[in-house]
Amino acid sequence: MHVMLQSTVPDHCSTFALSDSNEKAWQQKCNHHHDDRCDRCELLNETFCAIELCIGEVNSSTIRERLLHRLQFHAKTIRDRKAHQLRVVHQDHARTTLLKELDTETVFIYIDWAMKWLPMRYREAQRDFFAKRGLSWHVSYVIRKSNSDLSSQSPVFGQSSSSQRSITSVQTSAFKSDLQLLSSQSGLHPTPFYEHKTFIHSFDQCKQNGKIVLGIVRDLFLRLKRELPGVKYAHLRADNAGCYHGSEILLSTAILHKETGIWIKSIDFCDPQGGKGPCDRMAAVTKCQIRSYINSKNDVTNAAEFCNGAASTKGLEIHSSVVDLSYNDKIELAGISQFNNIEYTEGGIRVWRSWKVGEGKTFKWSELPTVKSINQLKSLYSPNTKSQWIAETSKKGTILLSSLLESRKRVF
Ligand SMILES: [Zn+2]
Ligand SMILES: [Zn+2]
């Protein structure tokens, strides 16, 4: 099915489907009718009806009831799955809209914990394999828009005197010449383009909770601000895990801004497996690097060795970290699990259950509890604090905006 923000097919109209019948602030009326039909969606309902008819013809009432029960169970699973897909597509509009509107003062950040890393030695006895405790590592994938004229950057990019950088500069210059070609053909200034860089924080041991994540976000903001003093705002995107979707992160905007100079403009949550792709991708690339590092006779058994193994990954800055957990104050905001999209302004916050469906509920800052202190993250070791940003390019070197912004439409 093709889910859209607006559709005259009721099953395809995500605004209609996600409008909350119990909460006025989260209701949205469509200015069209929902009187069109989709053959494929109808077919699903017809199939359920047809199966039900068949079941009705079974003689034994016990078997009939059992089959009917099973049908209802499976129909619900399929409908839930369809609803999940619809939410994924709908919430993805938040991402594509924000990326399109990104300016040079704002960064867009995906945050996610990667699957724990099990310590691994080059030569490993079978008995070592058991009773291992995994290392936690957290991935932050940052996208920024760069407006700078590329020709003025050539002193930075062009000098390939340092041998480490030669690969990057060859690729960058390929990209640059394509871009210059593009702009010379069109006679326009170089098109603004997107760059990304990934920050990984690895830990020998840590809980994956809101306080740790807040320490990570603070550290990330400080590093971004130091490197790009012009950055003032950030959009965050995470999945529904409790460490993100909790009061700790949602109510820390003011103190984060005070301590780092970066203000969170919005936080969006997506269904599991629905839109943190870049973090998964970088985690996979990093794991590949670490495996080949182990294959060249190294061990990766702790957070520092993990950094060394990952260090050669392009566009990655990695830190072996600890968070000093001295603050333990609890903070609560009722109904928070329903807030999937949050916008922060000077006056307060506006929250939605589904992205831009309805006016949204507003809270003034004076009505909200706020986080008073952040547990500080310390970087114990980093092999690559000077890693470069990577332009979002395709293999041919053309700008990959289309794929970056491509929204998910096809679902069924
Ligand atoms: Zn509609
Ligand atoms: Zn359909």
Quiz item: For the subset of the range 297-331 comprising residues that are within 24 Å of the chain's Cα centre (by Cα), assigned to a loop (DSSP other than H, G, I, E, B) and not aliphatic (A, V, I, L, M), which member is surrounded by the fewest Cβ atoms within 10 Å (Cβ to Cβ)?
Solution: K314
Quiz item: For H90, all conditions in the list (1) surrounded by 12 or more Cβ atoms within 10 Å (Cβ to Cβ); (2) away from ligand 1 (no atom under 16 Å from the Cβ) hold save one; what is the number of the exception?
Solution: (2)
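Having 2 or more residues that are more than 31 Å from the chain's Cα centre (by Cα) and within 16 Å of ligand 2 (Cβ to nearest atom) is the bar; report the helices (runs of 4 or more DSSP H) wholly within the range 1-111 that clear it.
Output list reads 39-56.
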Self-check item: Yes/no for N240 being closer than 16 Å to V139 by Cα, modelled with pLDDT under 90 and assigned by TED's automatic domain parsing to the domain that holds K378
Solution: yes
Quiz item: So which pairs qualify, if the first residue must be in the range 18-38 and closer than 26 Å to Q338 by Cβ and within 14 Å of ligand 1 (Cβ to nearest atom), the second must be among the basic types (K, R) and not in a loop (DSSP other than H, G, I, E, B), the Cβ gap must be under 8 Å, and the two must be at least 6 apart or on different chains?
Solution: L18/R87
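Just name the residue that is surrounded by the most Cβ atoms within 10 Å (Cβ to Cβ) out of those in the range 1-41 that are of a type in the set (D, E) and in contact with a helix residue (DSSP H, G or I) (Cβ under 9 Å, 6 or more places away or on another chain).
Among residues in the range 1-41 that are of a type in the set (D, E) and in contact with a helix residue (DSSP H, G or I) (Cβ under 9 Å, 6 or more places away or on another chain), the one surrounded by the most Cβ atoms within 10 Å (Cβ to Cβ) is D11.
The values are calculated or read from the model by the stated rules, or taken from the named source; none is laboratory data. Every value quoted in this text rests on a predicted model; they were computed, and no experiment measured them. With ideal geometry, Cβ positions are generated from the backbone for all residues, glycine too; neighbour counts draw on all protein chains shown.
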